[in-house]
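Note sheet for the following structure.
The values are calculated or read from the model by the stated rules, or taken from the named source; none is laboratory data. Quick caveat: nothing in here was measured; it's all calculated off a predicted structure. Note that each Cβ is placed from the backbone with ideal geometry, even for glycine, and that neighbours are counted across all protein chains shown. Note: accessible area is taken over every heavy atom of the protein model, side chains too, but ligands, DNA and RNA are not part of it. Shrake-Rupley method; radii C 1.70, N 1.55, O 1.52, S 1.80 Å.
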Amino acid sequence: MIKLYFSSFRYILLSFFLLLSLSLSAQSVNSFGLTGKVIDAEKIRLEAATVILLNSIDSSIVKVEISSNQGNFTFNNLQAGSYLIAVSSVGYVKNTSGPYILKSTDKIKDIGNIQLKLYNKLLNEVDIEAKNRFVEVTAGKVSLNVANSILSSGSTAFDILNRAPGVQIDNSDLIKLNGKAGVLVLVNGKETFMETANLIDMLKSMQSSNIESIELISNPTAKYSAAGIASIINIKVKKNKNYGTNGVISAMAGLGSLGNDYDPNFRYNGGLSVNHRNKFLNVFGNYTHADINQSKYITSNRQLQNLNQTAIDVDYFSTQERLSDNYRAGIDFSLSPSHVIGVLYSGSRNDIAIEKNNQSDIYNQGKVDSTIFAASGQNRLLTNNNYNLNYKGSLGEKIGNVSIDFDYLRYKRQSIEMLTNTFQTASGSSYRDELDLLNNSPSNYNIKSVKADYTLPLNKSSSLDLGIQASNVLGKNYLNFGPLVNTVFYPDSRFTNTYNIDEKIRAAFFSYNKEFKNSSIVIGLRAEQTKTNGQSITTGTNYIRDYTDLFPNFQYTQTLNKNNKLLLSLGRRIGRPGYEALNPFLAYLDQYSFKSGNPYLKPAYTNNAEATHVYKDKISTTLRLSFVKDVFLDINNQNDQTFVNTIMTQNLDRQLTYGLEVNAPLDITDWWNIELNMQANMVSYSTQSSIGAYTNSSPDIIFNTLQNFTLSKNIKAEISTEYENPTVYGVYNFDASYNVDAGFSASMFKKQGNLRLRLTDIFNISQSRYSSFYENLNLNMLNKLESRTAQLSFSYNFGKTTIKSARRRSTGSETEQNRVGN
């Protein structure tokens, strides 16, 4: 299925599979055993305890035994490899230990005693584990446990991120993390290779029922791609962890409205997830369908500094219907307890219909001179297909572990829009003929990626991670725009173009990991070479870039005592321009608004430093300092003669961000707890412009709360609030923003079923209002998305739900998916 075209990997792969075949051959000849004893805290031997032998590679079950009346257990006829042992008994806390390595020199390996602790001596610990918070903080990472949040039920990945601590998404769909734009979004550790608009479409169609957790990684190690100046958001897709056949059925129905003056929009989704696992196979799949209708309006005012005191006011309203289908299927095959090979397919289809109405009033000397009315219907079809072949295995205690991934991805976009413009004077009479326009902008991308990671154990306390990766992106973009006259299309040369892009990225990294008694260090270095060739077919112009960069990373963790940990980290990252931003097309928005790509964009580089203190693995305090060179920003460029405003992505000289973040869970009572997140940053942008040196800076304070209420054994409630003070982003000044959400949950059918009510933006106050006074532009805008919704969702778990065992795939295509464009 996937063509292996990276010749530089040929000999490495040959070596890997040669080692694999030798390992499997050796294991087929010899068999070994493990023996041990189960005891309690008083060192009394426990009879009839359930002892489960697991493959340490993917936690799949190998064998199950019951301890004897002396607490003994033995597993015979095993193959050499790496194993875990899980022991449970009624009235005791389950204990999982290992890994235990069976070598070719072992016959029966005695692992000694495995101790179980009584529940009644660990009541506080058990209670804490049962409450599984939505926000879980560890040094260097914040994890959002989606299933533990009522407000996440029936929502999408976009909705969850929109209220995640440290994440801001404005009504223009700009994602920021810790005060910085340029976020790298991964799905199960791999990049999506999508341009911003397509990425937002994917997040809005990814249902929460298929999401296990979301990780916010502020300063990742060299193992991760260096892309993303604002670091990484990793979305982990669910994969049922239970042994046997099981699954989940889910459904949601709801409505939303912009306000009393607008008709409500209806929405629903439904999904099915199924998993079957036995000793040798794990077969899994899921499918969701969603029909989401949503409206928004935008108002803007532009002042032109001329003798007529010209101003242009725009009122824009649109309604979007999104039909989304997401599907995922795969199979993992255990060649042996130490070697697993898998195939994974995932895809989506988004059929989007948008109805737009736009009114542009042109003022002179403070009075309306003329008005342009624009109405359009746009149909988009976005499809993506991802094929993955993967292998993961242990080659022996001294040889190490290896992981290999091959990915082939195809993205296709079809978009056709019909626009009608009518022109009226202030008195309402027509001053020119009606103008009909056709806007056709298809694109498609083919992406190939291969990745190999190798972990070499140096000794009991240190290891070396090595890896290589290569990707190739081939994209074709078309723009056909012009008037329709008597059903005949006449291309407008300003807006008609064909642009191809060919980008190759090669990367290699090493990461040295060392554990000390109370501390650890990670020292890594990643090298990435980027070759980009953009070609405008229409103009015959090539835009070629070739650059190689080094990205060092350092992390130091110190356990100060039982309750306190300290993490220090330093890192360097890169932000490559999105493919759409590099595209030199001049796109039509309305008669006085265009959007243009910029093939001369430079990559942005960021240097990050962090110091994090974690108390009892619950309360974290982080100090951050970040410096970004050549940061990207969409800039409005106004022509005072033609009145046309052209939006173009440009490089600003620098962005400096420093500040403090605090995450703190508070248990007010047994039935009420609060998760608090506060960020206080100072953000500053500076650049040289036609008006000279320009600086824009402001504090950026964001305060989030999530309150959880246990109303009864089966009924719970949540209230989420968010506030951000007036702040700046580049040349734009934003007003304060607010939001309040609430949710209720009721479990039923012996907790296999769950009914949830979700209310978002209860007071309908979430909006984005900003202004800009940069060069010759005086701009004020209001962007209001339909965010007040009421949704009722239901989910039901069926099948066997007792023994957990699953393998999560993190495939190899990691960076460029975030950059494929419209």
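In the stretch 328-369, what residues are buried (at least 16 other Cβ atoms within 10 Å of the Cβ) and among the hydroxyl-bearing types (Ser, Thr, Tyr)?
Within the stretch 328-369, Ser334, Ser336, Ser338, Ser346, Ser348, Ser360, Tyr363 meet the criteria.
Taking Tyr615 as meeting all but one of (1) surrounded by 15 or more Cβ atoms within 10 Å (Cβ to Cβ); (2) at pLDDT below 90, write down the number of the exception.
In the conditions (1) surrounded by 15 or more Cβ atoms within 10 Å (Cβ to Cβ); (2) at pLDDT below 90, Tyr615 misses (1) alone.
Among the residues in the stretch 112-129, are any open to solvent by less than 50 Å² (accessible area, probe 1.4 Å), hydroxyl-bearing (Ser, Thr, Tyr) and either part of a helix (DSSP H, G or I) or at pLDDT below 75 (or both)?
Looking through the stretch 112-129, none of the residues is open to solvent by less than 50 Å² (accessible area, probe 1.4 Å), hydroxyl-bearing (Ser, Thr, Tyr) and either part of a helix (DSSP H, G or I) or at pLDDT below 75 (or both).
Given Ala508, Ala452, Ala426, which one is within 30 Å of Lys367 (Cβ to Cβ) and among the aliphatic types (A, V, I, L, M)?
Within the list Ala508, Ala452, Ala426, the selection yields Ala426.
Can you list residue pairs whose Cβ atoms sit under 6 Å apart, with the first residue in the stretch 334-363 being aromatic (Phe, Trp, Tyr) and the second being open to solvent by 10 Å² or more (accessible area, probe 1.4 Å)? Count only pairs 6 or more apart in sequence or on different chains.
Tyr345/Ala329; Tyr345/Tyr387
Across the stretch 387-434, which residue is farthest from Asn480 (Cα to Cα) among those that are among the basic types (Lys, Arg) and out of contact with any helix residue (DSSP H, G or I) (no Cβ under 8 Å at 6 or more places or on another chain)?
Looking at the filtered set, the residue picked out is Lys398.
Here is a check on your reading of the model: is Asn764 open to solvent by 20 Å² or more (accessible area, probe 1.4 Å), out of contact with any helix residue (DSSP H, G or I) (no Cβ under 6 Å at 6 or more places or on another chain) and not basic (Lys, Arg)?
For Asn764, the condition - open to solvent by 20 Å² or more (accessible area, probe 1.4 Å), out of contact with any helix residue (DSSP H, G or I) (no Cβ under 6 Å at 6 or more places or on another chain) and not basic (Lys, Arg) - is met.
Any chance you could count how many residues in the stretch 508-557 are of a type in the set (S, T, N, Q) and either touching a Lys or Arg at 6+ places or on another chain (Cβ under 6 Å) or within 22 Å of Pro220 (Cβ to Cβ) (or both)?
11
Collect the residues in the stretch 184-201 that are of a type in the set (Val, Ile, Thr) and either open to solvent by less than 10 Å² (accessible area, probe 1.4 Å) or within 24 Å of Leu782 (Cα to Cα) (or both), keeping them in residue-number order. Step through it out loud before you land on a result.
Restricting attention to the stretch 184-201, the residues satisfying the condition of being of a type in the set (Val, Ile, Thr) are 185, 187, 192, 196, 200.
Listed by number, the residues that qualify are Val185, Thr192, Thr196, Ile200.
Quick one: Ile574 ticks every box in (1) closer than 20 Å to Asn472 by Cα; (2) open to solvent by 30 Å² or more (accessible area, probe 1.4 Å); (3) in contact (Cβ under 8 Å) with a residue 12 or more places away in the chain; (4) not hydroxyl-bearing (Ser, Thr, Tyr) except a single one, so which number is it?
(2)
Does the stretch 293-312 include one or more residues that are touching a His at 6+ places or on another chain (Cβ under 7 Å) and not polar (S, T, N, Q)?
No.
Of all residues being assigned to a loop (DSSP other than H, G, I, E, B) and open to solvent by less than 60 Å² (accessible area, probe 1.4 Å) in the stretch 303-320, which is modelled with the highest pLDDT? Just the residue, please.
Taking the stretch 303-320 as the starting set, the residues that turn out to be assigned to a loop (DSSP other than H, G, I, E, B) are 304-310.
Going one step further and asking which of them are open to solvent by less than 60 Å² (accessible area, probe 1.4 Å), we end up with 304, 306, 310.
Values: Leu304: 84, Asn306: 74, Thr310: 87.
Filtering first and then ranking leaves Thr310.
Please determine whether any residue of the stretch 383-401 is aliphatic (A, V, I, L, M), assigned to a strand (DSSP E or B), open to solvent by 10 Å² or more (accessible area, probe 1.4 Å) and farther than 24 Å from Phe594 by Cβ.
There is at least one residue in the stretch 383-401 that is aliphatic (A, V, I, L, M), assigned to a strand (DSSP E or B), open to solvent by 10 Å² or more (accessible area, probe 1.4 Å) and farther than 24 Å from Phe594 by Cβ.
Working carefully through the options Ser97, Ser89, find the one that is on the phi < 0 side of the Ramachandran plot and at pLDDT below 85.
Result: Ser89 is the single residue among Ser97, Ser89 that is on the phi < 0 side of the Ramachandran plot and at pLDDT below 85.
For Ser620, work out the one condition from (1) open to solvent by less than 60 Å² (accessible area, probe 1.4 Å); (2) under 28 Å from Leu777 (Cβ atoms) it doesn't fulfil.
For Ser620, the failing item is (2).
Looking only at residues that are touching a Gly at 6+ places or on another chain (Cβ under 8 Å) and open to solvent by 80 Å² or more (accessible area, probe 1.4 Å) in the stretch 247-271, which one is nearest to Val237 (Cα to Cα)?
Among those residues, the one meeting the criterion is Ile249.
Tell me which residues, restricted to the stretch 46-91, are touching a helix residue (DSSP H, G or I) at 6+ places or on another chain (Cβ under 8 Å) and open to solvent by less than 40 Å² (accessible area, probe 1.4 Å).
At the first step, the residues of the stretch 46-91 found to be touching a helix residue (DSSP H, G or I) at 6+ places or on another chain (Cβ under 8 Å) are 79-81, 91.
Correct list: Ala80, Gly81, Gly91.
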